[in-house]
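J.: Have a look at the structure that comes next, please.
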Amino acid sequence: MGTPAALILGCKGPELTAAERALYARVNPWGFILFKRNIETPAQVAALTAAMRAAIGRADAPVLIDQEGGRVQRMGPPHWRAWPNAATFGRIWAVSPDRAREAAFLGARLMAEDLRDVGITVDCLPVLDVPVAGASDVIGSRAYGQDPAVVAALGRAASLGLMAGGVLPVVKHMPGHGRGTVDSHHHLPVVDAPRAELETRDFLPFRRLNDLPLAMTAHIVFSAIDATRPATQSPVVVRDIIRGHIGFDGLVMSDDLSMKALGGDFSSRTAAILDAGVDMVLHCNGELDEMQAAAAGSRPMTAAARRRARAALGLIAGPRCEIDRGQALQRFDELLALTA
């Protein structure tokens, strides 16, 4: 079908509609994303991910999900375990850093098993944001803690766990969402901290994990760097901070295009993101008219984006490292008990 569009798209329900199939076939997005509205049973999710790939004729097309644990978990009971939030691993760290790393790795490895079994190959985890006092609780317990070095260490462990299970991690929300005083799902946060302070705290976990394959941007204005545009649409932030100071050369995708932090119509939002140097635009809510408008503002993936995408997918092209799930769950529960 030629070069994929620089788009990741969702769908409205648990099965594809004829209109969604037609849109996918026409647009040829790089990949897809699932939300709770798309999840019913393991067999249904496996059929949906297969149908998405069949619509564009690419068996390796990535399918993403936000499966963090805690309040951000799209696949949950009764068919899947309720996983703990990131802050839980931070509490284990206070008891034993080594066991906290083990728990973060093992939890992610077990989640990866759930995801690969139904055809999902990318998890939007780990959250590397470092919250500060007075910030919006949109991050809150989704963060590993308030020490950037601890956040980086636990984020690394979780990323390795996912990849051991054949699932790619997405570090988010680059270059940092921890200072946002409003929820970017509803408003545009503006951070006025000086760059030096941002570099030593907010940006540090991302810099330490700059070798990972995928990242997601933050819809936040950093006034010390670009006072007029959110990071997602700022060529200055992408060039000087994400690619420059942080040194990230993996594939960068936007946070959700439909969040209220962004202004303008969906076509112009998409174009502005790609013009800023972001590799991929993410649209999540499955609204057909919005997806059509995003497609109108999109374009084929650049050569650099294709290189980054190939490198990322190559990391999970081989067989998974097998585990004994029963033993792994038993050990995981032993580690969680350290916080009791």
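J.: Placing +1 at every Lys and Arg Cβ and -1 at every Asp and Glu Cβ, with all other atoms neutral, what dipole size does the chain have around its Cα centre, in debye to the nearest 20? Provide the component values of the computation, followed by the final result.
T.: On the way: 36 positive and 36 negative charges, 108 e Å.
The calculation lands at about 520 debye.
J.: Quick one: order Thr339, Thr200, Thr17 by neighbouring beta-carbon count within 10 Å, fewest to most. Please list the in-between numbers first.
T.: Values: Thr339 17, Thr200 10, Thr17 13.
By the 10 Å Cβ count, ascending, the order reads Thr200, Thr17, Thr339.
J.: Still on this structure, please answer the following. Karplus couplings for the range 267-276 from phi (6.51 cos²θ - 1.76 cosθ + 1.60, θ = phi - 60°), rounded to Hz, Gly and Pro as x?
T.: 5, 6, 4, 4, 4, 5, 5, 5, 4, 6
J.: Now for a different question. Would you mind checking which residues have amide H under 5 Å from His185's amide H? H placed 1.01 Å from N; only 5 or more apart, or other chain.
T.: Correct list: empty.
J.: Would you list Asp226, Asp114, Asp60 from fewest to most Cβ contacts within 10 Å? Mind dumping the intermediate values first?
T.: Numbers: Asp226 19, Asp114 22, Asp60 13.
Starting with the residue having the fewest Cβ neighbours, the order is Asp60, Asp226, Asp114.
J.: Also: What net charge do the residues around Ala19 carry, taking every other residue with its C-beta under 14 Å from that of Ala19, with Lys and Arg at +1 and Asp and Glu at -1?
T.: Details: positive: Lys12, Arg21, Arg26; negative: Glu15, Glu20, Glu287, Asp289, Glu290.
Residues close to Ala19 contribute a combined charge of -2.
Laboratory data are not the source of any read-out in this text; all were calculated from the coordinates shown. The structure presented is a predicted model; accordingly, all values stated were derived computationally and were not measured. When we count neighbours, we look across all protein chains shown, and the Cβ atoms used for this are built from the backbone with ideal geometry, even at glycine.
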